[in-house]
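What follows is a single structure, written as structure tokens, with notes after it.
Derivation of every value follows stated rules applied to the coordinates shown; laboratory data play no part. Keep in mind it's a predicted model, so treat the numbers as computed, not measured. Reconstructed Cβ throughout: ideal geometry from the backbone, glycine too, with neighbour counts over all protein chains shown.
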Amino acid sequence: MQSEEISDEGLTPKQYFEKELAEISFQELQKFFAKGMLIKVAGHLDMVDVALQIHADNTVQIKQWMDSLEVQRVEDEHAKVWVESRSLLKAVTVAPWVLVQDT
């Protein structure tokens, strides 16, 4: 299990992920997509909760989400749609992953 505190600012993981959650264009995320580091999160899931579960290495919950395709690696089809529509996505980093969600 990882340390509860993840930054030198004294923030809890939840506070840290809430602070880091932001909108970003897919164009700015393409380098992460090319490296296979983008994870798509279903719209009904809370991004901060997903980040917390990944940070805590909660493999049971993560596997459930992956099995139901609620959390999945970004596929070429997703990227194509986002490029064509010049999409803005919500994103948060849980190293080494970048979680993204349609806005």
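Structure above, values below:
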item: Length-normalised contact order for the stretch 13-102 - Cα pairs under 8 Å, 6+ apart - percent; result: 47 percent
item: Listed residues Pro13, Met37, Leu99: farthest to the positive end of the dipole of the chain (Cβ charges); result: Met37
item: Cα Rg, Dmax (largest Cα-Cα span) when computed across the stretch 59-103, Å; result: 11.8, 35
item: Under Karplus coefficients 6.51, -1.76 and 1.60, residue-wise ³J(HN,Hα) of the stretch 83-97 in Hz, glycine/proline x; result: 5, 4, 8, 6, 5, 9, 10, 7, 8, 8, 9, 10, 3, x, 8
item: Magnitude of the charge dipole, the chain, Cβ model with Lys/Arg +1 and Asp/Glu -1, debye to 20; result: 320 debye
item: Structure-derived semi-axes √(5λ) of the Cα gyration tensor in Å: which label, when the choices are [x] 84, 21, 5; [y] 47, 14, 10; [z] 23, 16, 11; result: [z]
